[in-house]
Amino acid sequence: MGDAPRDQLGVGMVGYSFMGAAHSQAWRTAPRFFDLPLRIDMRVVAGRSADGVRAAAERLGWQDSTTDWRTLLERDDVELVDVCTPGNTHAEIAVAALDAGKHVLCEKPLANTVAEAEQMAAAAERAAERGVLAMVGFTYRRVPAIRLARELVADGRIGEVRHVRAQYLQDWLTDPAAPLSWRLDKDKAGSGALGDIGAHVVDLAQFVTGESLVGVSGLLETFVRERPVAASSSGLSGQAGEGTGEVTVDDAALFFGRLSGGGLASFEATRFAAGRKNAIRLEINGSRGSLAFDFEDMNVLHFFDDGEDARTAGFRRIVVTEPDHPYIAAWWPPGHGLGYEHGFTHQVVDLVEDLAAARQPRPSFADGLAVQRVLDAVERSWQQGSGWVELS
Ligand code: SOE
C-alpha cells in the first residue's frame, strides 16, 4: 500500500450495550494493531435513550450519537452499519441498511426466525450485486486456536470427521432471583440458550469441520419459568424490580445431528452449568486424530495425532500464542496470550480486508441463515417429541 492515502470506512453502530461495547473496542483497536487497507472512522452510535447513547458515544469513542438509527442510512459519511441490538430488530435494520447501500455487520444469531433470516440473506444477495457486503458476527471463529483447528482439519491432519462434541456452558442464570432481561424474552431474543449460545457452537462445528448439519433431534428445557422483572440491567446482570414475569425461552438445549460427511455431532447449550462461565468446548475426533478446545483456556488447542508412535502418542497441548499462529503476529511477544475481546478485533480486521478487496466476508448472511435453519429444526424437533428433522 505504501504511503498512499487509504479509503475511509465510516462506521455507524446501532446499540451500545454489552455487544456494542465489545464491537466499539474492536473498531478502536483493530487499526492500532493491524495494518488495515481502509481508514476506520467511528462516526456515530444510535440508541433509544438520548442520555444513554450520548454517554455511550463519549465512553466508547464515537464522534456522534443519535436516537434514530434511520439517520445513519441518510449519512454520506457512514459506509457500514454495525447492528448490535436484540435479535427482533436485526432484520429491519440490516435490510434497510443494505437497501440504502451500506455494508452491514450484524450480531448473531442473524435473526429470530428463519423467515427473517431468509429476508436478510435475500437482501444481502441483492446488495452484493451492487458491491454492498454483509457479514454476521460469529466472533469465536476468530479465536486463534479455533482458526488453527480449522486449518488442521482442512489440511487433513485428523482425517475424516467422525465425531463433533460441542458445548457452550454458562451459569449466569443459576440463581432463580436473577431478573428477567431481553435475553429471556422470546419476542426479543427468538430463543434462549439455543439461539444465544447454541448458535455459536453450531457455527463453530460447521466452520471447523467445513461440513454442514443435515439433520437434528433436540430437547429444550426451561428450569426457572418465573423471574423478578428487572429494574435495571447491565451486560448479563441486572437489579430486580417489583413483581415477576414469565421466562418465555429455553434455559438449556441439548441436540444431536449428522454432518454432511457422515460424522455424528452432539451439542449442549446452557446457562445453568454452575461454575462454567464461558466454556465453549469443542472436541473433534477424526479417522487420523483429534482436536479439543475450551474457551476457558482459549490460548490452547489440544491435538492428538493417531499416526504417532503408540509409545509416546498423546494429546499435545499447543499454546497458540506464536507469531506463526493465526492473528498472533500483530499482538504481543510470543507466549503472552489473548482474551475474549480479541475475537471481535479480528472480526473487524477480516471484515475490513474483505471489504477493501470487494470479497464476500464470511460468515455471510447465507451462513447465518444456515445456522438459523438448524436452530429452527431443533425447536421443531422438540415440539414433535424430539423426532428427527431433516435439513435440506
Ligand atoms: C450471553 O450468553 C453472551 O453474551 C452471548 O450473547 C454472546 O454471544 C457470547 O459471546 C457471550 O455470552
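The values are calculated or read from the model by the stated rules, or taken from the named source; none is laboratory data. These numbers come from a predicted model, not from an experiment. Glycine gets a Cβ as well: all are built from the backbone with ideal geometry, and neighbour counts include every protein chain shown.
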Residues satisfying the stated conditions in region 15-41, i.e. within 16 Å of the ligand (Cβ to nearest atom) and among the hydrophobic types (A, V, I, L, M, F, W, C): 18, 19, 21, 22, 26
Screening 174, 209, 222 for residues that are touching an Asp or Glu at 6+ places or on another chain (Cβ under 6 Å), away from the ligand (no atom under 11 Å from the Cβ), polar (S, T, N, Q) and touching a residue at least 24 places away in the same chain (Cβ under 8 Å) leaves only 222
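Across region 276-289, what is the total count of residues that are within 24 Å of the chain's Cα centre (by Cα) and over 16 Å from residue 197 (Cβ atoms)?
Within region 276-289, residues that are within 24 Å of the chain's Cα centre (by Cα) and over 16 Å from residue 197 (Cβ atoms) number 3.
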Condition (residue is farther than 23 Å from residue 207 by Cα, within 15 Å of the chain's Cα centre (by Cα) and either within 16 Å of the ligand (Cβ to nearest atom) or of a type outside the set (A, V, I, L, M, F, W, C) (or both)) applied to region 94-102: is it met by at least one residue? no
Kindly indicate which of 11, 44 is away from the ligand (no atom under 16 Å from the Cβ), part of a strand (DSSP E or B) and in contact (Cβ under 8 Å) with a residue 60 or more places away in the chain. 11
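Yes or no, residue by residue, for (1) more than 16 Å from residue 48 (Cα to Cα); (2) in contact with a Phe, Trp or Tyr (Cβ under 8 Å, 6 or more places away or on another chain); (3) at pLDDT 95 or above; (4) surrounded by 18 or more Cβ atoms within 10 Å (Cβ to Cβ):
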{"site": "59", "(1), (2), (3), (4)": "yes, no, yes, no"}
{"site": "65", "(1), (2), (3), (4)": "no, no, yes, yes"}
{"site": "75", "(1), (2), (3), (4)": "yes, no, yes, no"}
{"site": "87", "(1), (2), (3), (4)": "no, no, yes, yes"}
{"site": "93", "(1), (2), (3), (4)": "no, yes, yes, yes"}
{"site": "97", "(1), (2), (3), (4)": "yes, no, yes, yes"}
{"site": "105", "(1), (2), (3), (4)": "yes, no, yes, yes"}
If I filter region 128-143 down to residues being more than 16 Å from the ligand (Cβ to nearest atom) and crowded, with 22+ Cβ neighbours inside 10 Å, which single residue comes out as farthest from residue 337 (Cα to Cα)? 133
Go through region 241-274 and give me each residue that's within 16 Å of the ligand (Cβ to nearest atom) and surrounded by fewer than 16 Cβ atoms within 10 Å (Cβ to Cβ). 274
Test: residue in region 289-309 that is assigned to a loop (DSSP other than H, G, I, E, B), farther than 15 Å from residue 201 by Cα and aromatic (Phe, Trp, Tyr): no
Candidate set: region 275-284, residues that are of a type outside the set (Val, Ile, Thr), within 16 Å of the ligand (Cβ to nearest atom) and in a strand (DSSP E or B); chosen: the one nearest to residue 211 (Cα to Cα): 282
Could you tell me which of the residues 111, 154 is within 15 Å of the ligand (Cβ to nearest atom), aliphatic (A, V, I, L, M) and in contact (Cβ under 8 Å) with a residue 40 or more places away in the chain? 111
Exclusive hit being loosely packed, with under 15 Cβ neighbours inside 10 Å, of a type outside the set (Lys, Arg) and in a helix (DSSP H, G or I), set 370, 358, 329: 329
So which of 372, 384 ends up being polar (S, T, N, Q) and touching a residue at least 24 places away in the same chain (Cβ under 8 Å)? 372
Which residue, of 235, 190, is within 15 Å of the ligand (Cβ to nearest atom), touching a Pro at 6+ places or on another chain (Cβ under 8 Å) and among the small types (Gly, Ala, Ser)? 190
